[in-house]
Amino acid sequence: MAVDTFPRKKISRPHTSVTVDTSQLSGVAGASEKTLMLIGQADGGEPNTVYSIRNINQAKRVFRSGELLDAIELAWTGSPDATAGDILAMRIEDATQATLEKGGLKIKSNIHGSAANDIQVALEDNNITKSKRLRIVFAKDGVNKTYDNLGNIFQIQYKGSESNASFSVLKDSETGLAKKLVLVTGGTLDITEIGSEHVTLESDEGTIVKEYDLEKVYTDVNSIVKDINNLPDFEAKLSPFGDKNIETKYLDKAQNVDILNKFAYVTGLYGDIIKQLEYDELVTFETVSGQDVETFELTSLEGASNGEPVVSWAEKFQHFANEGGYYLVPLTDKESVHAEAGQFVRERSDVGEPMRAIVGGGTKENKEKLFSRVATLQSNPRVSLIGSSGTFAMEDGRALKTPGYMVASAVAGLACGLDIGESITFKNLYLLNLDTILDGSELDQLNENGIITIQFVRNRTETSFRIVEDVTTFNDKTDPVKQEMSVGEANDFLVSELKVSLDNKFIGTRTFNTSASLIKDHLISYLNRKVKDNEIQGFTAEDIQVIVEGNQAHIAMTVFPMRTFKKITVSLVYKQQTLQA
């Protein structure tokens, strides 16, 4: 965020100014039982994958840039009253990865999207250490990494009395993987490779000191080095440059390498590349079958794209099912997508996973357009529509122009951060300005038609932007559970938790003469806890009725929901005071 001053325009006349410093807002998830779900455009992230995001740095690593990243930041920093907890986020594009086949390697970007085409890779010689170095350059992110001393895995030396000594590494001719490492003294080794079943070894005048099976027993380098050091007159040691405990199946082919009174390296270039780049954020590697790994010049990956624009988001929403989310915000102003979001949250709620959607329009939309959006949503009690757009100050100093659907992410972050059942009514947002400042009659008209608007407040004590009311698109004030977000939210958590509580406590147990009393006592205990947590206003214990018939229990009870003050009326009477001395 940034430092902001109210009033924003310079004034030379005597006045009071208030400076607000929001630079300490760090973009970190708070505590929340209501998980926010965001889906929209991003320049990173694997398609059709829902990520659980806990802080803004993680979000930047995954999504790189785009509206989705901005929406995540707004959800955590958009309001002074509350912020979202963990966020479930997914990019909407069907982006692809960039690839390169060079020097016996298949290289693939970990980044999905056209930005990956700017990644460059080179495999070069290091003539000093007689090894290889791998360079990765990604100018867009300021990345210029070098993985040096690749290929040299461990050294072997023979210090005995024999006239010569050597090692050989045999590969399977079909799979291309190393099968055996053989130590020989007093002669050389003739090697015949026969398929994948067996290898014939014949030594002329020499002695096979040991034959290491790399497929079954000695599958990692450490195990071989340890065993060689237990052999008489042999010594082995790992390369000092990095973690060289690679899988032995990736050792390079070698034949009769001289180790008499001198150390010689057992190499494994591909295995070393895999090991050293195991956690690289930019690229992954595979070998090209039948080819040795060779050096190549700096070359760009290619073929990545952001994919075609997605027309329907219905299938994308399904990835959020059973992920534990509650508020869903699709980052688009498309009415068809809003309708799909409304259908998705309704379907999930019907199967016992309550959800709600907060959608938003575009920029500077007039009343007629907003009324049309409400009509498209068909009075869905699980969808709220944001009808305001404006500008937020972002963490990097930008003044971000936000359409209604981006304002929705800030409102949703606020709603997720509040206690269950607490209303967003009259809560503030960190807006710099609104695109359209509505007068009282316009705010009333939009509010009465089920549209959430932002009001600019300027009086003697404050200058702020606050939410008018937490209405849904179900425009019937006689049913607050459907018409007010907060009441519906409290009902969702009350009902869903009650179902789980009764399932776990009683379903599958035997009925007794006292079963009805046990269930009633359980309900009273549960509702008392909800009253204590300020999720319901109260209940009447005498009104709880439980009737057990056969293998069924019928429950009837009355609960008073927690409501939010929406109107306060004050009657103030002035009287003439008579002063007499």
Margin query: Can you pull out the trypsin sites (Lys or Arg not before Pro) in region 512-581 whose DSSP state is coil and whose Cβ has at most 11 other Cβ atoms within 10 Å?
Written below: LYS567, LYS575
Note to self: Could you give the length gained by full extension between GLU247 and ASP350, i.e. 0.36 nm per residue of separation minus their alpha carbon distance, to one decimal place?
What the structure shows: 32.0 nm
Item checked: Between 0 and 90°, nearest 10: helix 515-532 axis offset from the chain longest Cα axis -> 80 degrees
Next item on the list: Treat every Asp and Glu Cβ in region 207-278 as -1 and every Lys and Arg Cβ as +1, leave all other atoms uncharged, and give the resulting dipole magnitude about the Cα centre to the nearest 20 debye.
Entry: 80 debye
Note to self: Under the rule of at least 5 residues apart or a separate chain, name every residue whose amide H is placed under 5 Å from the amide H of LYS102.
What the structure shows: ILE107
Next item on the list: State, as an integer percentage, the relative contact order of the chain based on alpha-carbon contacts under 8 Å between residues 6 or more apart.
Entry: 14 percent
Notebook entry, point to check: Between ASP213 and SER525, how many nm apart are label points set 7 Å from Cα along the C-beta direction?
Noted result: 6.0 nm
Margin query: Could you give the length gained by full extension between ARG458 and ASP258, i.e. 0.36 nm per residue of separation minus their alpha carbon distance, to one decimal place?
Written below: 63.4 nm
Notebook entry, point to check: Among the DSSP beta bridges whose two residues both lie in the chain, what percent are antiparallel, rounded to the nearest 5?
Noted result: 85 percent
Checklist line | Cα-based helix-to-principal-axis angle, 335-350 vs the chain, degrees rounded to 10 | finding: 90 degrees
Note to self: Need one number: nm distance between label points at SER515 and LEU502, each 7 Å from Cα along Cα→Cβ, rounded to one decimal.
What the structure shows: 1.3 nm
Next item on the list: In whole Hz, with x marking every Gly and Pro, tabulate ³J(HN,Hα) for region 316-329 from phi via Karplus 6.51 cos²θ - 1.76 cosθ + 1.60, θ = phi - 60°.
Entry: 5, 4, 4, 5, 8, 5, 6, 9, x, x, 10, 9, 10, 10
Check: So what J values fall out for region 490-501 if you push phi through Karplus, 6.51 cos²θ - 1.76 cosθ + 1.60 with θ = phi - 60°, rounded to Hz, Gly and Pro as x?
Finding: 4, 5, 4, 6, 5, 6, 5, 5, 5, 4, 4, 4
Item checked: Largest to smallest principal axis extent of the C-alpha atoms in region 45-115, angstrom -> 57, 20, 17
Margin query: Can you give me the long-range amide H partners of THR287? Hydrogens built in the peptide plane at 1.01 Å from N, cutoff under 5 Å, separation of 5 or more residues or another chain.
Written below: LYS106
Note to self: Give me a comma-separated list of calculated 3J(HN,Hα) values for region 151-166, in order, Karplus coefficients 6.51, -1.76, 1.60 applied at θ = phi - 60°, integers in Hz, x for any Gly or Pro.
What the structure shows: x, 7, 9, 8, 10, 10, 9, 10, 10, x, 9, 5, 6, 7, 7, 7
Notebook entry, point to check: Taking amide hydrogens as modeled 1.01 Å from N in the peptide plane, which residues meet the under 5 Å criterion relative to LYS179, leaving out close sequence neighbours?
Noted result: LEU170, LYS171, ASP172
Checklist line | Efficiency of FRET between GLU294 and THR391 - r from beta-carbon atoms, R0 60 angstrom, step 0.05 | finding: 0.65
Notebook entry, point to check: Mean residue ellipticity at 222 nm from the helices of the chain, using -39,500 (n - 2.57) per DSSP H segment of n ≥ 4 over the full residue count, to the nearest 500 deg cm²/dmol?
Noted result: -7000 deg cm²/dmol
Item checked: Whole-number D in µm² s⁻¹ for the chain, Kirkwood Cα-pair radius fed into Stokes-Einstein, 10 °C, 1.306 mPa s -> 54 µm²/s
Check: Roughly how many debye, to the nearest 20, is the charge dipole of region 437-581 about its Cα centre, given +1 on each Lys and Arg Cβ, -1 on each Asp and Glu Cβ, and no other charges?
Finding: 520 debye
Check: Using the alpha-carbon atoms, what tilt in degrees (0 to 90, nearest 10) does helix 404-417 show relative to the longest principal axis of the chain?
Finding: 90 degrees
Notebook entry, point to check: Roughly how many percent of the accessible protein surface of the chain is carbon and sulfur, given a 1.4 Å probe and a whole-percent answer?
Noted result: 46 percent
Next item on the list: Just give me a number: lysine pairs in region 277-413, eight or more positions apart or cross-chain, with C-alpha atoms less than 21 Å apart.
Entry: 8
Notebook entry, point to check: Quick one: accessible area per residue over the chain, 1.4 Å probe, rounded to a whole number of Å²?
Noted result: 50 Å²
Notebook entry, point to check: Given R₀ = 56 Å, FRET efficiency for SER163-LYS106 by Cβ-Cβ distance, to 0.05?
Noted result: 0.80
Item checked: Computed label-point distance, nm, for sites PHE560 and GLU368 using a 7 Å Cα→Cβ extension -> 4.8 nm
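The values are calculated or read from the model by the stated rules, or taken from the named source; none is laboratory data. Predicted model only: the values in this text are computed from it and were never measured. Neighbour counts are summed over all protein chains in view; Cβ atoms, including those assigned to glycine, are modelled from backbone coordinates with ideal geometry. Surface accessibility is based on the protein's heavy atoms, side chains included, excluding ligands, DNA and RNA. Shrake-Rupley method; radii C 1.70, N 1.55, O 1.52, S 1.80 Å.
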